[in-house]
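Read the figures in this text as sums done on the coordinates, not as results from a lab. Nothing here was measured: the structure is a model prediction, and the numbers come from that model. All Cβ positions, glycine included, derive from the backbone under ideal geometry; neighbour counts span all protein chains shown.
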Amino acid sequence: MTRDKALGIVLLGVATVYYLAARAIPASDLADVVGPRGLPTAYAAGLALLSVLLLVRRESAHAKAGPVVSPAVLARVLGLLVIGVLYILLVPWVGYPVAIAGLLIGTSYYQGGRLDRRVVLVGISGAIVLWLVFVQVLGIDHPVGAWLERLLGEA
Amino acid sequence: MTDGFWSIVPAAFGGVAWGILGGALPGISPSITMALLLPFTFGLDAAVAVVLLASTYVGAEYGGSIPAILIRTPGTNAAAATVVDGHMMKLQGKAGEALGISLYSGFVGGLFGLTVLVLLTEPLSGVALAFTPAAYFALGILGLSVIASLSRESLLKALIAGVLGLMIASIGTDPVTGTSRFTFGSPELLGGIPTIIVMVGVFAIAELFEQSGAPGWAQATERPRIRIPSPAMWKRLAVPQLIGSVIGTFEGIIPGGGGTVSSFLAYNEARRWSRHKEEFGHGSPEGVAAPEAANNTVACTALIPMLSLGIPSSNSAAVLLGGFLMHGLIPGPMLFVQHGDVVSSLYAGLLAANVAMVIVGYLMMGPCIWLVGRPKPYLMAFIYALVVSGVFSIEASLFHVGAALAFGVVGYGMRYFQVPVLPMVLGVVLGFMVESNYRRALVLSSGDYTTFVSNPVSASLLALALVFVVGSLVRRSRSKEEASV
């Protein structure tokens with residue numbers, strides 16, 4: 001299957017799911033002529049039509065010569081994504097300084113840095129800089145961490 | 001001015017410094033440099049925030065020429081035309097002179113662009129005072145059609161991207177009835193997906209994903225000092241700088257033009273009008289001056305359609321528009337009436353940014369070379385950490401961090417499938433304007449759909465949108481025929 005055909009099928013799926021969700025929008029007594037479902041339904045129809053056109057048209061040479069993603073590259077991209085997801089899951093528990101240091105060390109290592117003292121040092125010093133900037137200077141309430149909160153609560 | 005001239009000047013200097021650093025990193029475009037900064041501007045005064053972002057754009061356009069000259073790798077797409085003669089000058093031992101020409105030509109282009117911006121923006125926005133809801137709806141459709149039809153990728157894919165953007169914009173509370181749409185019971189989605197989250201995802205995170213699979217860039221082997229061009233050189237550079245500035249003006253105003261197209265056009269025109277044509281490609285100072293003047297002109301003139309009509313003509317202008325919207329500033333004629341102080345601050349800030357570029361450009365040379373020389377894994381890790389920390393800062397929401405990651409995946413997928421990102425971003429930005437004005441127009445006309453064609457402004461804008469789409473189809477089919485001959 002060509003790249004455009006695969007994209008066409010994915011988009012047709014998106015249009016269908018979006019249409020079904022649009023039909024499920026509750027009606028309102030305040031509704032105008034169009035209503036809250038009106039334009040979303042039109043968008044779904046528009047996307048479905050464009051997806052079908054993408055499926056039936058002849059693929060251009062330009063599209064065929066698109067970027068090639070090798071399994072190794074895909075693994076790196078997925079790894080980066082997993083590190084981000086792990087950060088979101090762990091930050092409420094371990095707190096911002098620890099989680100961001102983990103993200104720095106994990107990303108540096110996963111992107112080709114050696115897991116040595118330098119990577120760890122860069123991660124820890126980077127985390128301290130970011131903590132100073134975001135928490136101390138900008139005053140953002142990044143998560144302290146459930147363990148530290150518990151510890152402080154007991155003290 | 002909102003916060004006084006002295007709060008604008010540090011913002012201009014800071015923005016330029018950040019822009020030069022970001023622009024100097026290969027793969028980090030001006031829009032990404034601005035998107036990285038966007039979350040930090042949330043708590044700032046509106047005028048300071050927009051000056052910071054606009055100055056970043058100015059700085060990034062110059063920063064891109066540093067690796068282009070020193071390591072033959074353009075830091076930004078717009079600096080690609082500078083590689084040809086800039087790096088050749090470096091090989092001839094004239095790296096300092098090439099960097100000086102780039103810096104001063106950027107300064108000249110920036111001032112030219114700023115003058116045009118100040119002269120054209122307000123009169124153009126005055127036109128929009130005659131707009132009814134039907135006309136605003138048509139303007140939104142025109143903006144999407146122009147961006148889609150001028151996209152380098154397939155028109156079909158650009159239209160798909162535009163519709164996807166409109167679909168994303170429909171998430172949240174319905175603008176007329178207050179009904180929840182596509183929220184699936186999640187309170188975080190009630191307010192919709194903030195434009196800034198979409199931008200950080202599709203520009204910054206998608207670029208990180210892209211860079212994770214790309215090889216590392218070359219390292220600079222020398223640390224040249226920037227040299228001010230001599231009076232004789234100034235005289236020689238006047239024509240290519242003028243050519244670059246004029247081309248940059250037109251390309252900045254036209255949606256879809258941008259710095260890259262303008263710098264290549266300026267390079268070609270400078271060669272055509274030069275008395276030293278034979279030097280082009282072999283280290284011509286004019287070959288550096290013209291593209292650098294052009295892309296810095298664009299950094300100002302790209303703001304003309306954005307400020308006057310709310311239609312961004314490039315990725316960077318779209319990010320700046322995101323900064324405006326984040327502070328409750330709606331571009332268009334009312335911006336000049338209700339927030340004239342912010343507009344004045346922006347003009348003053350851009351003037352300060354262009355002056356700052358010359359000063360900061362000298363000071364930042366060492367840090368830029370140091371930064372480009374850092375191991376890529378560490379740089380990527382720090383940018384990633386900066387993105388997740390910055391996105392959280394907007395509303396202290398981990399949900400937003402997850403949404404930005406999701407849009408990073410979407411942006412990466414769009415690059416793989418060669419779907420342009422700008423029409424989608426524009427769809428997200430214009431979605432509310434399109435829907436609310438469409439429905440308001442129908443309420444005012446008691447449900448009469450002919451209101452969109454009976455109103456002369458609305459009818460003209462819709463006809464223009466049709467002309468752009470049909471014209472694009474004809475142009476593409478002609479170029480296909482020529483290619484097959």
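If you place +1 on the Cβ of every Lys and Arg and -1 on the Cβ of every Asp and Glu, how big does the dipole about the Cα centre of chain B come out, in debye to the nearest 20?
1020 debye
Work from the charge dipole of chain B (Cβ charges, +1 for Lys and Arg, -1 for Asp and Glu, about the Cα centre) and give the residue of B:33, B:180, B:133 farthest towards its positive end.
B:33
Restricting the calculation to Cα positions, tell me the Rg (one decimal) and the Dmax (whole number) of chain B in Å.
Considering chain B through its Cα atoms, Rg and Dmax are 22.1, 73 Å.
Along each principal axis of its Cα atoms, how long is the protein assembly as shown end to end? Whole angstroms, biggest number first, please.
73, 70, 57
So what is Rg over Rh here for chain A, counting just Cα atoms and using Kirkwood for Rh? All intermediate terms of the calculation are to be shown ahead of the outcome.
Values: Rg = 24.0 Å, Rh = 20.5 Å.
Ratio of gyration radius to Kirkwood radius for chain A: 1.17.
Straight distance only, please: which aspartates and glutamates reach the Cα of residue A:5 with their own Cα at less than 12 Å, same-chain residues fewer than 8 apart left out?
Of all the aspartates and glutamates, those that pass the test against residue A:5 - Cα under 12 Å, at least 8 places apart if same chain - are A:59.
Label the range B:88-216 by shape, choosing from rounded, prolate and oblate, from the square roots a ≥ b ≥ c of the eigenvalues of the Cα gyration tensor; if a/c is under 1.5 it is rounded, and otherwise prolate applies when a/b is larger than b/c, oblate when it is not.
Numbers: a/c = 2.54, a/b = 1.49, b/c = 1.70.
Here the range B:88-216 falls in the oblate category.
Rounded, prolate or oblate for the range B:66-151? Axes are the square roots of the Cα gyration tensor eigenvalues, ordered a ≥ b ≥ c, and the cut-off for rounded is a/c under 1.5.
Numbers: a/c = 6.39, a/b = 2.29, b/c = 2.79.
Taking the square roots of the gyration eigenvalues as a ≥ b ≥ c, the range B:66-151 is oblate.
Return one number: the angle in degrees, 0 to 90 and rounded to the nearest 10, between the long axis of the Cα atoms of helix B:133-149 and the longest principal axis of the Cα atoms of chain B.
40 degrees
Which angle between 0 and 90 degrees, to the nearest 10, do you get for helix B:155-169 versus the longest principal axis of chain B when only C-alpha atoms count?
60 degrees
Based on Cβ point charges of +1 for Lys and Arg and -1 for Asp and Glu, what charge dipole magnitude is obtained for the protein assembly as shown about its Cα centre, in debye rounded to the nearest 20? Walk me through the intermediate numbers first.
Details: 36 positive and 32 negative charges, 363 e Å.
Dipole about the Cα centre, nearest 20: 1740 debye.
Using the scaling law 2.2 N^0.38 Å as the reference, what is the normalised Cα Rg of the range A:110-149? The partial results should precede the final answer.
Numbers: Rg = 13.1 Å, N = 40, 2.2 N^0.38 = 8.9 Å.
My calculation over the Cα atoms of the range A:110-149 gives 1.47.
Counting only pairs 8 or more residues apart or on different chains, how many lysine pairs in chain B have their Cα atoms under 23 Å apart? Intermediate values should be presented prior to the final figure.
Details: B:90/B:235; B:90/B:277; B:94/B:235; B:94/B:277; B:157/B:480; B:235/B:277.
Close lysine pairs found across chain B: 6.
Send over the per residue convex hull volume for the range B:188-300, Cα only, as a whole number of Å³.
Details: hull volume 20.5 nm³, N = 113.
Value for the range B:188-300: 182 Å³ per residue.
What range in chain B is the longest one free of chymotrypsin sites (Phe, Trp or Tyr not before Pro) that are in a loop by DSSP and have at most 13 other Cβ atoms within 10 angstrom?
Values: sites that count: B:184, B:449.
So the longest stretch without any such site is B:185-448.
Under the classification rounded if a/c is under 1.5, otherwise prolate if a/b is larger than b/c and oblate if not, where does the range B:379-429 fall, given a ≥ b ≥ c as square roots of the Cα gyration tensor eigenvalues?
On the way: a/c = 2.45, a/b = 1.50, b/c = 1.64.
Judged from the Cα gyration tensor, the range B:379-429 comes out oblate (a/c at least 1.5, b/c at or above a/b).
Out of residues 5 or more away from residue B:173 or on other chains, whose amide H comes under 5 Å of its own, with H placed 1.01 Å from N in the peptide plane?
Sorted by chain and number, the residues that satisfy this are B:181, B:192.
Per the Kirkwood formula on distinct C-alpha pairs, the Rh of the range B:288-444 is how many angstrom? Spell out each step's value before the answer.
Details: mean 1/r = 0.0529 Å⁻¹.
Roughly 18.9 Å, rounded to one decimal.
Please state, to two decimals, what the Cα-based radius of gyration of the range A:77-118 comes to when divided by 2.2 N^0.38 Å (N = residues).
Details: Rg = 10.4 Å, N = 42, 2.2 N^0.38 = 9.1 Å.
Cα Rg divided by the expected 2.2 N^0.38 Å: 1.14.
What does the range B:354-485 give for Rg and for Dmax, in Å, if only its C-alpha atoms count?
23.5, 65
Mind checking the mean number of beta-carbon atoms from other chains within 10 Å of the Cβ atoms in A:82-92? Walk me through the intermediate numbers first.
Details: counts 0, 4, 12, 3, 0, 9, 7, 2, 0, 4, 1.
The per-residue average across the peptide is 4.
To one decimal place, what orientation-averaged projected area in nm² is obtained for the convex hull of the Cα set of the range B:256-308? If you can, show how the numbers build up before the last one.
Numbers: hull surface 15.0 nm².
About 3.8 nm², averaged over all directions.
Which of the listed residues, B:432, B:369, B:70, is farthest toward the dipole's positive end in chain B, when Lys, Arg count +1 and Asp, Glu count -1 at the beta-carbon?
B:70
On alpha-carbon atoms, Rg over Rh for the range B:231-290 using Kirkwood Rh?
Values: Rg = 11.5 Å, Rh = 11.5 Å.
A ratio of 1.00.
Mind checking the dipole of the range B:46-198: about its Cα centre, +1 per Lys or Arg Cβ, -1 per Asp or Glu Cβ, Debye to the nearest 20?
On the way: 6 positive and 7 negative charges, 65 e Å.
Here the size comes out at about 320 debye.
Largest first, please: the extent of the C-alpha atoms of the range B:280-374 along each principal axis, to the nearest Å.
Over the range B:280-374, Cα extents along the principal axes are 50, 30, 24 Å.
Rounded to whole Å and sorted largest first, list the principal axis extents of the Cα atoms in the range B:1-108.
So the three principal-axis extents are 48, 24, 15 Å.
What's the angle, to the nearest 10 degrees (0 to 90), between helix B:340-363's Cα axis and the longest principal axis of chain B?
For B:340-363 against chain B, the angle is about 30 degrees.
Calculate, for residue A:41 and residue A:86, the FRET efficiency according to 1/(1 + (r/R0)^6) with r their C-beta to C-beta distance and R0 41 Å; round to the nearest 0.05. Write out the running numbers ahead of the final one.
Numbers: r = 38 Å, r/R0 = 0.94.
Approximately 0.60, to the nearest 0.05.
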